[in-house]
Amino acid sequence: MANKVSQYLQSSIGKKTVMAATGLFLVVFLLEHLYTNVLLFFGDGGKAFNDASHGMVHSIIIRIIEVVLFVSIVLHVIQALMLTGQNNKARPVKYAVSGVSKTSSWFSRNMLLTGSIIFFFIVVHLYNFFVPYRVTGTVNGPEDPANNLAIAVAEALGDPMYAALYLVSVLFLAFHLNHGFQSAFQTAGLNNRRYAPLWKMAGSFLAFIVFGLGFASFPVLFYLSKVMEWDLLNWAK
Ligand code: HEM
């Protein structure tokens, strides 16, 4: 049994399945993350956002999901490196520009590059928020009104360098997901001629509109609010 599982995971389809499963799990996490971040726009001084973040830290289920999330990202990156290595071996000569297939976009051929930019951003993001909130305790929960997570987010996104890095990473995430959804749907066998265009459209809508515009709204609006001296966290008060 263990032998069969290991054989399957080493096969090409096994690797693609791990890639699709971990990729889609990360997407579910991103949806949840997007929802929590939207609470920052409630204008209640960040209370809804702080309460949600605080609740998560104290939930055992979220703690378990965090471990699965960490394993997923590690597996996704390892499989990405293996699949890209395998593909390069199968096609050692790089495409000449004129010879590039019309059906394969630059982004579909550079998933490792867009993934690496996302990975770099994840590390910086964890260092900025996860470490002070969860490890060193320098940013506290909602019980400390002058030093809470919502204020830390507003301050970080008011920094032009951080806002720009966030925005560029979101752009790469959108393109990564645009191809990623197509690839995952194909792995799941949802690529018959009739419905393929529909899945492609749904994937692009999720990638560019939901995740792209959704996540881009945070650096754009918080940076603008800093420059224009609006108090975005308290607009409804
Ligand atoms: C939040 C972070 C991420 C999300 C949501 C995500 C999502 C996805 C999805 C849905 C796929 C399609 C799976 C499939 O092939 O069926 C995919 C593919 C891929 N991802 Fe990611 N990914 C993320 C981060 C990364 C990182 C950090 C790397 C590498 C450093 C990476 C590298 C790749 C590569 C190379 C593929 C294409 C594999 C192939 O089919 O040849 N991704 N990703």
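Of all the residues that make up the stretch 189-201, how many are within 13 Å of the ligand (Cβ to nearest atom) and surrounded by 13 or more Cβ atoms within 10 Å (Cβ to Cβ)?
Counting residues in the stretch 189-201 that are within 13 Å of the ligand (Cβ to nearest atom) and surrounded by 13 or more Cβ atoms within 10 Å (Cβ to Cβ) gives 3.
Of (1) surrounded by 12 or more Cβ atoms within 10 Å (Cβ to Cβ); (2) in contact (Cβ under 8 Å) with a residue 12 or more places away in the chain, S12 satisfies all except one. Which?
Only one criterion is unmet by S12, namely (1).
How about the stretch 79-89: which of its residues are near the ligand (Cβ under 9 Å from one of its atoms) and either of a type in the set (A, V, I, L, M) or outside any helix (DSSP H, G or I) (or both)?
A80, L81, L83
Do we have M56 as part of a helix (DSSP H, G or I) and closer than 26 Å to G189 by Cβ here?
Answer is no for this residue.
Does R134 satisfy being at pLDDT below 90 and under 19 Å from V57 (Cα atoms)?
So R134 passes the test.
Which condition number in (1) buried (at least 16 other Cβ atoms within 10 Å of the Cβ); (2) among the aromatic types (F, W, Y); (3) at pLDDT below 85 is the one that Y95 fails?
(1)
Given the structure, is V100 modelled with pLDDT of 95 or more, more than 27 Å from N148 (Cβ to Cβ) and more than 8 Å from the ligand (Cβ to nearest atom)?
No: the conditions fail for V100.
Do the conditions hold for S169, that is, is it surrounded by 14 or more Cβ atoms within 10 Å (Cβ to Cβ), within 16 Å of the ligand (Cβ to nearest atom) and of a type in the set (S, T, Y)?
Criteria met by S169.
Give me the pairs: first residue in the stretch 147-165 and assigned to a loop (DSSP other than H, G, I, E, B), second residue at pLDDT below 95, beta-carbon distance under 7 Å, and six or more apart or on different chains, which are they?
Close Cβ pairs satisfying both conditions: N147/V139; N147/N140.
What tally of residues in the stretch 57-73 results from selecting those that are away from the ligand (no atom under 16 Å from the Cβ) and in contact (Cβ under 8 Å) with a residue 12 or more places away in the chain?
Total meeting the criteria: 1.
Give the residue that is farthest from T36 (Cα to Cα), with candidates limited to residues of the stretch 114-154 that are more than 16 Å from the ligand (Cβ to nearest atom) and touching a Ser or Thr at 6+ places or on another chain (Cβ under 6 Å).
Among them, the one singled out is P132.
Go through the residues of the stretch 37-51 one by one and say whether even a single one is within 16 Å of the ligand (Cβ to nearest atom), surrounded by 15 or more Cβ atoms within 10 Å (Cβ to Cβ), under 19 Å from N234 (Cα atoms) and not charged (D, E, K, R).
Yes - at least one qualifying residue is present in the stretch 37-51.
Please find, among A163, A154, the residue that is buried (at least 16 other Cβ atoms within 10 Å of the Cβ), more than 17 Å from the chain's Cα centre (by Cα) and at pLDDT 95 or above.
A154
The values are calculated or read from the model by the stated rules, or taken from the named source; none is laboratory data. Because the structure is a prediction, the values reported are computed rather than measured. Every residue, glycine as well, gets a Cβ built from its backbone with ideal geometry; the counts of neighbours run over all protein chains shown.
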